[in-house]
């Protein structure tokens, strides 16, 4: 009896916390809409400041840092894109922070030598070890420059020619501005269903969330790339540190606590590659999830110490701990079946209405934010709306992968900085494979578990939870099957693969045959 009470209380608690994060999406959307028109117009005027300026002495000196580790498929592309940046050569240098151990070194050296002959100020900086991984490389590179500003691009990004002129304009007459962050766009958005789903999630984060935080004076994080720092802001805030896997979020919070401000500019767009392989995507998400919680454990005590205003503090905590939604979703997926089995609840019309309202708020908050972002990006919302199921599949299916990351962070378990493999332009011979793990087996097992619960409890009396069981089952199956097949055939298109995999699984699991159509009907 006591165990049942504990399980029910835990189930309700997880549901309420998820409701809070769902409502937070509405908060971010509202605050974005309040500031959007005025900020966009002002930023457009600011970005024109250096247009037509011919006196090179009026431009601040900038160093572009390109941290990379075994990036043979994209290394030359990002270097060439940086060379094409429209900025006075006397005020602009490139640092390739190359920690590679493979043929990337040769590609980098050849490109750098050729560009030096053409008069480009470019240096290749290598270390004898990889202490601190990316954070260590960035901090080490600052020793070899006297530039006032540092722009950072990951190897899979392709900065536009006008990036520096537009971004440095924001620092003029703003001595306490420490960071200008640009928006990520997508080179391979249309490659597959998972890239389309990722693109929508990234758009929601950059178009709405980052803008709402920056424009309303809340804490905003550097996204690790496509941004430019005032070097003084980095140095006076403790520099790049590597005690978390998200050194970018860590530094940006420490910098703002030290009195520096940030500026997010959505029209400062930089194209980038999205992971097409499910395991590469999971590697990336694992690092972000674990690093965010590590940063939360490090930064929240500092927020309390600095007596940050209450609402700003709440926003910071929700921001830093956002990835806890994944272990919460995982717990609900596991606990739903025993709760339905042991607990029979009859609600009055009033309470039923309140529960339905809460469910709608919790589930439609993120979707609302994504649709708003698509509208202001100029995309047709009606077409983008049909990607919501893909977003739901990815979001729920990642619960195992990201839940493990959050637990490892809470338990202070150490793990290395695993880079995300990129395909680049030569996709057929990329040569890099994601880190393998066994989470895919747990994902498939959980899909079977949730499908079993759905079969047992599917019906009108359980209509509150059966849609969620269907979503969890489909999400775990989608992510698990793709993870397994992408280990051997990374270029298989996800929807085609999923369509072929389900009948195969159904031969061994007849349950899938009986539940596929009812499950899909819940999305219509």
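Bear in mind that the values in this text are calculations on the coordinates, not laboratory data. Predicted model, so just to flag it, every value in this text is computed and none were measured. Cβ coordinates were reconstructed from backbone atoms using ideal geometry, including for glycine residues, and neighbour counts include every protein chain displayed.
Structure notes:
- Helix 247-257 vs. the chain, principal-axis angle (Cα, 0 to 90°, nearest 10): 80
- Fewest neighbouring Cβ atoms within 10 Å first, the residues 71, 232 line up as 232, 71.
- For the chain, the relative contact order comes to 18 percent (Cα pairs under 8 Å, sequence separation of at least 6).
- Taking max minus min of the alpha-carbon positions on each principal axis, the stretch 223-369 gives extents of 62, 42, 32 Å, largest first.
- Gyration tensor (alpha-carbon) shape descriptor, the stretch 219-306, a/c threshold 1.5: oblate
- Debye log10 I(q)/I(0) for the stretch 1-46, one point scatterer per Cα, at q = 0.16, 0.25, 0.32 Å⁻¹: -0.61, -0.84, -0.99
- Above 24 Å, the calculated P(r) of the stretch 57-314 contains 47 percent of its Cα-Cα pairs.
- Taking the fewest neighbouring Cβ atoms within 10 Å as the starting point, the ordered list for 369, 47, 1 is 1, 47, 369.
- Cα gyration tensor shape for the stretch 94-208, rounded if a/c is under 1.5, else prolate or oblate: oblate
- When 415, 167 are arranged by Cβ crowding within 10 Å, least crowded first, meaning fewest neighbours, the order is 415, 167.
- Compared with the direct C-alpha span, the chain from residue 41 to residue 305 gains 91.4 nm at full extension, assuming 0.36 nm per residue.
- Antiparallel content of DSSP bridges confined to the chain, in %, to 5: 25
- Whole-number D in µm²/s for the stretch 290-403 (Stokes-Einstein; Kirkwood sum over Cα pairs; 10 °C, 1.306 mPa s): 91
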